[in-house]
Structure formats: structure tokens, C-alpha cells
Amino acid sequence: MLDLGNYGRDGIDNITPKMIFEELRKRSSDDFAFTNYHWRRSGDFLLQVHSTTPTSALDARISDAINRVSGTKLNRRFEAIFRDFTTLQAIMQYARENTAPAPSDSNVARNRSAMKVAAVFVEPRGDGNLAVSWPKQLDTRVEVLGMVREDPRTLVALYQSPRKGGEFDYVTSTVKLFYAHAGIVVKSTARALSEIDDIVSERLRE
């Protein structure tokens, strides 16, 4: 998962996920292959791994492929966050048990307010420990429901977006700030639950 979204950034609005995916697919190797992508600008690309190479080394190779493409197309580097299909399925199960969103939707009603369900993916920089005690709310617009049991680097949150605009980057920034106050530096990105549902349900492009 990459942070390709963020409408309005210089030089990004003309670059589509399809353009990035087509270049990534050219960089597939004997170890991995990029197979599908999601149409939203967030930057979700699926890959199939067929290698016994240690995960850390394989992640580094894939990240290098991504940055070679993004450096050419966007003149900047991205930090990729990897999650397996089982984790995405666990997110959907957790959301169904705790928020009951409508099928293929990210919206739920909470305390008479319309909220969006967000999946937030977090990685510590270095060997940091992500163990923290979450408050009821991070701020007036973001509430953390909890960590996904199958992957403690992944959490589900509720986000009260403004009537106009509003990006899930706000959720990412709020989570990163909370960790920073706890002395933990992380990289992170967030997705609407509907986007995770699309991936799990294989509503993707190739």
C-alpha cells in the first residue's frame, strides 16, 4: 500500500494508479509479481509472492521496485506498507463485529453522527514497540476501536469527515501524532473500509 492519494499535490493529479501499476508489473521477478490494483488514488497494489526468500529481504526488493517506478513517474519516493490477504479479511470481520457497516460501504452511525470506518496500517521505524494504551478518542474526529487481533500493526478507527472534502490522511496524521507523543516514530497509511472490502471481494483491475 502506498500513499498516492492526497489530491492537489503537485505532479500527482496527472498520474493514475493504472499508470503506476503498468510500470510495476514490468518489474515483476521470479520472486514476486504485481497482479492487480485498486482504481482509487490511494495506491493499493496486489502482488503474488512465489519465493522462499526471507520476508525482510523480499520486502526490500519490492520496495526498491516501487521506488524506482515512483522516482521516474512522480519524482519522489514512497514507503510501502505490506499486508497479507488474511489481515485484510480480519479487518472486515472486525468491522462487521464492531460497527456493522453496510455492505461495500464505509459509513456508520455513531452517537447520532455519520462516521467513516478506516483501516489504519502502522509500521514502527526501526525496532520500535507499538504497544500503547489507546484513549477513547484521539481527538474530536477520530476514535480508535481497536487493533486487529491477527495483526497488531493494524487498527480499525472511526473518522468523522467534514461535509466537503476530507481525506483519510487526517486519520493517518492523527495516529502518527499519538504515537509520537508516546515516543514512538512510525510510518502509517489509512484506507476506507469500502476499499478494503473491494480488495477482499476481488473487485480490482488488472
Amide H within-cut-off set for Val148, under 5 Å, with H built and near neighbours excluded: Thr154, Leu155, Val156
More than 23 Å apart - percent of Cα-Cα pairs taken over the stretch 79-206: 28 percent
Zone of Arg61's modelled label, taken as backbone nitrogen in the stretch 17-43 under 16 Å from a point 7 Å along Cα→Cβ: 25-35
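Could you order the peptides 123-135, 178-190, 55-67 from most to least packed, using the average number of other C-beta atoms within 10 Å per residue? Don't skip to the end; give the middle numbers.
Details: 123-135: 10.9, 178-190: 16.8, 55-67: 15.2.
The most tightly packed comes first, giving 178-190, 55-67, 123-135.
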Distant-in-sequence amide H partners of Ser51 (H built 1.01 Å from N, under 5 Å): none
Under 17 Å, Cα to Cα: Lys pairs in the stretch 85-200, sequence gap 8 or more or different chains: 4
Inter-label distance, nm, simple model (7 Å from Cα along the C-beta direction), Asn107/Val132: 3.0 nm
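Could you work out how much longer the chain between Ala114 and Val49 gets when fully extended? Use 0.36 nm per residue separation minus the Cα distance between them, nm to one decimal.
On the way: separation 65, 0.36 × 65 = 23.40 nm, distance 3.87 nm.
Length gained between Ala114 and Val49: 19.5 nm.
Readers should treat all values here as calculations from the given coordinates under stated rules, not as data from a laboratory. Note that this is a predicted model, so its numbers are computed, not measured. Reconstructed Cβ throughout: ideal geometry from the backbone, glycine too, with neighbour counts over all protein chains shown.
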